[in-house]
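Colleague: Mind looking over this structure? Questions follow.
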Amino acid sequence: MTSALIVIDMQQGFLDPHWGPTANRPECEANVAQLIGAWRSEGAPIVVVRHDSRDPASPLHPDSPGNALIDEVAAVHPALFVSKSVNSAFYGEPSLDAWLREAGIGRLVLCGIQTNMCVETTARMGGNLGYELVVPLDATRTFDLTGPDGHVVSAADLMAVTAANLHGGGFATVTTTAAVLAQR
């Protein structure tokens, strides 16, 4: 089965302090670069997804320099480039689902930012749409998040919960970059 690498929201704006002081998984970018390298060497399809925020104050707004992709991803000539303004890459333009079905791709490897937002939402939708999903968790990262009661949930805890939601919930196989590369 053909696998597509889906690189989600690897944008300069996520370096902005707007997101808070803690970004975990400093190896995320290097792991994403390794995945991109493996897919490129095989000529396998890479899909790049960019979040185009509708909020003019957001570092991810199209008029902001933060909307730009990080260098490792900007250098990719993707088989498909998706622009979205919500959490799921399946609600972007052009249609990811239509493109995948037309290309006969049934297995998706998701990586990028934020683990518990756009990566998890895309994985859940992909699972519901019948795709086989793989998420190398160390090729994602996120930030601390404050709940409605003011309690701060750490990025590490958010990643652990995302792993449990996706893997335990049957949406995706949660694994490592090394494991994905060993299976190529």
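The values are calculated or read from the model by the stated rules, or taken from the named source; none is laboratory data. What you are looking at is a predicted structure, and each value in this text was computed from that prediction instead of being measured. Note: ideal-geometry Cβ built from the backbone for every residue, glycine included; neighbour counts use all protein chains shown.
Colleague: Kindly indicate which of VAL161, VAL134 is under 19 Å from CYS28 (Cα atoms) and in contact with a Leu (Cβ under 9 Å, 6 or more places away or on another chain).
Modeller: Just one listed residue meets the conditions, VAL134.
Colleague: Go over the candidates ALA33, ALA57, ALA38, ALA23 one by one and state the one that is at pLDDT below 95 and surrounded by 15 or more Cβ atoms within 10 Å (Cβ to Cβ).
Modeller: Matching residue, one of ALA33, ALA57, ALA38, ALA23: ALA23.
Colleague: For the range 60-74, indicate whether the set of residues that are in contact with a helix residue (DSSP H, G or I) (Cβ under 6 Å, 6 or more places away or on another chain) and closer than 27 Å to GLY104 by Cβ is non-empty.
Modeller: Checking the range 60-74: not a single residue is in contact with a helix residue (DSSP H, G or I) (Cβ under 6 Å, 6 or more places away or on another chain) and closer than 27 Å to GLY104 by Cβ.
Colleague: Determine, yes or no, whether ARG50 is modelled with pLDDT of 95 or more, of a type in the set (Lys, Arg) and under 18 Å from GLN12 (Cβ atoms).
Modeller: Here the answer is yes, as ARG50 does meet what is asked.
Colleague: I'd like the residue in the range 86-105 that is assigned to a helix (DSSP H, G or I) and under 17 Å from the mean Cα position of the chain (by Cα) and, out of all such residues, is surrounded by the most Cβ atoms within 10 Å (Cβ to Cβ).
Modeller: Ranking the qualifying residues of the range 86-105, first place goes to ALA89.
Colleague: Between a residue in the range 25-48 that is under 16 Å from ALA178 (Cα atoms) and of a type in the set (Asp, Glu) and any residue that is part of a helix (DSSP H, G or I) and at pLDDT 95 or above, which pairs come within a Cβ distance under 7 Å, given they are 6 or more apart or on different chains?
Modeller: Within 7 Å, the pairs are GLU27/ASP138.
Colleague: Same structure, new question: Considering every residue within the range 75-84, establish whether at least one is part of a helix (DSSP H, G or I) and not charged (D, E, K, R).
Modeller: No - not one qualifying residue is present in the range 75-84.
Colleague: Could you grab me the full set of residues in the range 124-181 that are crowded, with 17+ Cβ neighbours inside 10 Å and in a loop (DSSP other than H, G, I, E, B)?
Modeller: Selection gives TYR131, THR142, ASP144, PHE171, ALA172.
Colleague: Based on this model, can you work out whether VAL82 counts as farther than 16 Å from GLN114 by Cβ, among the hydrophobic types (A, V, I, L, M, F, W, C), at pLDDT 95 or above and surrounded by 15 or more Cβ atoms within 10 Å (Cβ to Cβ)?
Modeller: Working: farther than 16 Å from GLN114 by Cβ: yes; among the hydrophobic types (A, V, I, L, M, F, W, C): yes; at pLDDT 95 or above: yes; surrounded by 15 or more Cβ atoms within 10 Å (Cβ to Cβ): yes.
It is true that VAL82 is farther than 16 Å from GLN114 by Cβ, among the hydrophobic types (A, V, I, L, M, F, W, C), at pLDDT 95 or above and surrounded by 15 or more Cβ atoms within 10 Å (Cβ to Cβ).
Colleague: Another question, if that's okay. List every residue pair whose Cβ atoms lie under 8 Å apart, where the two residues are 6 or more positions apart in sequence or sit on different chains, the first residue falls within the range 147-166 and is free of Cβ contacts under 8 Å to residues at least 40 places away in the same chain, and the second residue, located anywhere, is surrounded by 13 or more Cβ atoms within 10 Å (Cβ to Cβ) and assigned to a loop (DSSP other than H, G, I, E, B).
Modeller: VAL152/ASP144; VAL153/ASP144
Colleague: Additional query: Pull up the range 115-133, narrow it to residues that are touching a residue at least 60 places away in the same chain (Cβ under 8 Å) and of a type in the set (A, V, I, L, M, F, W, C), then point me to the one that is nearest to GLY168 (Cα to Cα).
Modeller: VAL119
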